[in-house]
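To start, the structure under review is shown below, and the notes come after it.
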Amino acid sequence: MLAEHRQYLLPGGKGYHLDVKVIPTGFLEVEIMEEHGKFLAEFEELSFLSNGKKTELVCRDHVGDECVRWQVDLANDDARELAKLIELAEDEFELLMRDL
């Protein structure tokens, strides 16, 4: 059970890079490299909201809560890849827990 790392270029033309770590125990660590801003969230706190040519990754304090802790824009393809990585991490963790 290993964490998956990815780097994405943020849309918007600033050339900012997003370093993402998907941790199979249910956490996502996100860092905007040029701003040295690091964020952590549980998978359950995350949602993907499609908005034209980009997708917003939104972290809320609680599931369904209106209070947004942080959000970043991703290209649609990058958001789909990240959502798939989170899904695979959840499946891997669930399988591991069943085997114990």
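The table below gives the values:
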quantity: Residues of the range 75-86 classified as open to solvent by 90 Å² or more (accessible area, probe 1.4 Å) and within 15 Å of residue 22 (Cα to Cα), total; calculated: 2
quantity: Flag if residue 37 is over 24 Å from residue 97 (Cα atoms), out of contact with any strand residue (DSSP E or B) (no Cβ under 8 Å at 6 or more places or on another chain) and open to solvent by less than 70 Å² (accessible area, probe 1.4 Å); calculated: no
quantity: Selected residue (only one of 58, 72 is in contact (Cβ under 8 Å) with a residue 40 or more places away in the chain, surrounded by 13 or more Cβ atoms within 10 Å (Cβ to Cβ), of a type in the set (Val, Ile, Thr) and farther than 13 Å from residue 27 by Cα); calculated: 72
quantity: Restricting the range 1-26 to residues that are touching an Asp or Glu at 6+ places or on another chain (Cβ under 6 Å) and part of a strand (DSSP E or B), the residue that is most open to solvent (accessible area, probe 1.4 Å); calculated: 7
quantity: Entirely in the range 37-94, the strands (runs of 3 or more DSSP E) that have 1 or more residues that are of a type in the set (Phe, Trp, Tyr); calculated: 37-42, 46-51, 68-75
quantity: Any chance residue 30 is modelled with pLDDT under 95, out of contact with any Gly (no Cβ under 7 Å at 6 or more places or on another chain) and among the β-branched types (Val, Ile, Thr); calculated: no
quantity: Some residue of the range 7-14 being closer than 20 Å to residue 88 by Cα, of a type outside the set (Ser, Thr, Tyr) and in contact (Cβ under 8 Å) with a residue 40 or more places away in the chain; calculated: no
quantity: Among (1) farther than 20 Å from residue 7 by Cα; (2) surrounded by 11 or more Cβ atoms within 10 Å (Cβ to Cβ); (3) of a type outside the set (Val, Ile, Thr), the one test that residue 51 misses; calculated: (2)
quantity: Neighbours by Cβ (under 8 Å, 6+ apart or cross-chain): first from the range 79-100, in contact (Cβ under 8 Å) with a residue 60 or more places away in the chain; second among the aromatic types (Phe, Trp, Tyr) and assigned to a helix (DSSP H, G or I); calculated: 86/43; 89/43; 90/43
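The values are calculated or read from the model by the stated rules, or taken from the named source; none is laboratory data. Not measured: the values here are computed from a predicted model. For neighbour counting, all protein chains shown are included, and Cβ atoms are generated from backbone atoms with ideal geometry for every residue, glycine included. Accessible surface areas use protein heavy atoms only, side chains included; no ligands, DNA or RNA. Shrake-Rupley method; radii C 1.70, N 1.55, O 1.52, S 1.80 Å.
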